[in-house]
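What follows is a single structure, written as structure tokens, with notes after it.
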């Protein structure tokens, strides 16, 4: 594994990112901040991960919200 000193998400799985954001904001709060249907239509960690793993623009928005919420 390569070192990524400038990557604030290094070592975090997408599942941990989504779980921490859900614990902080809940599904309604996540949908309010990022208008992604996986946070509004029958949301779950599993379904959100499935969508985010195949949709890069949505994953980018989720990762950016995580950075703004927990790192900065």
Can you pull out the residues in the stretch 6-55 that are under 22 Å from residue 72 (Cβ atoms), within 12 Å of the chain's Cα centre (by Cα) and exposed (fewer than 13 other Cβ atoms within 10 Å of the Cβ)? 13, 16, 23
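Any residue that is over 22 Å from residue 7 (Cα atoms) and either without any contact (Cβ under 8 Å) to a residue 40 or more places away in the chain or in a helix (DSSP H, G or I) (or both) - is there at least one of those in the stretch 53-64?
Filtering the stretch 53-64 for residues over 22 Å from residue 7 (Cα atoms) gives none.
No, every residue in the stretch 53-64 fails to be over 22 Å from residue 7 (Cα atoms) and either without any contact (Cβ under 8 Å) to a residue 40 or more places away in the chain or in a helix (DSSP H, G or I) (or both).
No lab work stands behind these numbers, since they all come straight from the coordinates. Every value quoted in this text rests on a predicted model; they were computed, and no experiment measured them. We place every Cβ from the backbone using ideal geometry, glycine too, and count neighbours over all the protein chains shown.
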